[in-house]
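Undergrad: Below you will find the structure I want to go over with you.
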Amino acid sequence: MNNLLTAGFLDASLSVDANRPDSGPDVLSLLVDVLGHGVIVVGEHGRIIHANRVARTELSRHRVLDRLDGEIHAVTSADSRTLQQALSMAVAGKRSLINVSGGGLTLALAVVPLKPDAEAWDVRIALFFARAEVCESGMFGFFARSYGLTQAEEQVLAILCRGLSTPEIAIQLKVAVSTVRSHVRSLCAKTGSSGVRELVNRVAVLPPVAPVHLAQIH
């Protein structure tokens with residue numbers, strides 16, 4: 001049976017038919033692996049049951065979260081206590097939103113209890129990672145190409161999505177402010193956006209698909 005199904009990710013009545021040629025035992029795992037947000041399913045005490053590629057990438061970096069003896073831990077003792085408290089709340093059926101920090105990064109985690117219909121299943125809890133940056137979506141490049149953005153315009157858009165102002169972008173790219181403003185006007189014109197806010201929002205709501213390079217991570 002699918003790992004995510006047995007983890008309580010899905011009602012058994014909605015599972016794929018293993019006898020169909022176009023389905024397989026890991027079809028849901030494959031689906032979760034292409035998400036642009038990290039997802040980890042753990043047991044009551046934090047034992048990792050499943051982690052998608054984005055989550056495995058973050059765990060391998062040992063910046064904010066780590067895997068110790070098969071269990072999820074935060075890298076700092078304070079955050080570990082916060083995480084354990086959130087897991088305890090999830091066992092009681094309560095959701096929470098926490099931050100874990102380390103290596104110059106702060107990561108927001110939604111800790112969500114999973115409630116399968118089958119009472120025989122053990123407690124399962126999902127940890128949903130915030131996406132580190134808007135432009136980290138695997139759809140960002142498709143967005144740029146679909147509107148015919150130049151390499152310079154794509155670079156400016158990526159920095160805009162990080163929240164930098166026009167003068168700050170000019171300093172980072174070592175160009176004149178007028179050059180950045182010209183790129184921004186072109187970006188808005190090509191994408192039909194009324195301004196920077198709408199432009200950035202259009203990128204922010206792109207489908208949460210992971211960048212292609214994560215497909216190489218196992």
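The values are calculated or read from the model by the stated rules, or taken from the named source; none is laboratory data. Source: prediction; values computed, not measured. Every residue, glycine among them, receives a Cβ derived from its backbone with ideal geometry; neighbour counts consider all protein chains shown. Quick note on the areas: whole protein, heavy atoms, side chains included, nothing else; ligands and nucleic acids left out. Shrake-Rupley method; radii C 1.70, N 1.55, O 1.52, S 1.80 Å.
Undergrad: Taking amide H positions as placed in the peptide plane 1.01 Å from N, state which residues far from Leu206 in sequence (5 or more) or on other chains have amide H under 5 Å from it.
TA: Amide H to amide H, under 5 Å and 5 or more residues apart or across chains, Leu206 pairs with nothing.
Undergrad: Roughly how much of Thr82 is accessible, in Å² to the nearest 10, using a 1.4 Å probe?
TA: The accessible area comes out at roughly 50 Å².
Undergrad: Would you mind listing how long segment 147-203 runs along its three principal axes, going by Cα atoms, in whole Å with the largest first?
TA: Largest first, segment 147-203 extends 27, 20, 16 Å along its Cα principal axes.
Undergrad: Still on this model: Could you give the length gained on full extension between Leu30 and Val196, defined as 0.36 nm per residue of separation minus the Cα-Cα distance, in nm? Working shown, then result.
TA: Numbers: separation 166, 0.36 × 166 = 59.76 nm, distance 3.50 nm.
Residue separation times 0.36 nm, minus the Cα-Cα distance, leaves 56.3 nm.
Undergrad: Tell me the label-point distance for the pair Arg61, Arg162, using the 7 Å Cα-to-Cβ offset, in nm and rounded to one decimal.
TA: Between Arg61 and Arg162, the simple spin-label model gives 1.3 nm.
Undergrad: At 7 Å along the Cα-to-beta-carbon direction for both Gln151 and Ala92, put a label point, then send me their distance in nm to one decimal.
TA: 5.6
Undergrad: If you wrap a convex hull around the C-alpha atoms of segment 53-118 and split its volume per residue, what is the figure in Å³?
TA: 103
Undergrad: Would you kindly state how much longer the chain becomes between Lys174 and Arg81 on full extension, computed as 0.36 nm times their sequence separation minus their alpha carbon distance, in nm to one decimal?
TA: Once the chain is fully extended between Lys174 and Arg81, it gains 29.1 nm.
Undergrad: Can you pull the Kirkwood radius for segment 27-76, inverse mean 1/r over Cα pairs, to one decimal in Å?
TA: Result for segment 27-76 stands at 11.1 Å.
Undergrad: Compare Glu154, Glu168 by solvent-accessible area with a 1.4 Å probe and give them largest first, with all protein chains kept in place.
TA: If we order Glu154, Glu168 from most to least accessible, we get Glu168, Glu154.
Undergrad: A follow-up question, please. Which order do Glu153, Glu71 take by accessible area at a 1.4 Å probe, largest first?
TA: Details: Glu153 10, Glu71 55 Å².
So the residues, ranked largest to smallest area, are Glu71, Glu153.
Undergrad: Rolling a 1.4 angstrom probe over the protein chains, ignoring ligands and nucleic acids, what is the accessible area of Val177 in square angstrom, nearest 10?
TA: Counting only protein heavy atoms, the figure is 50 Å².
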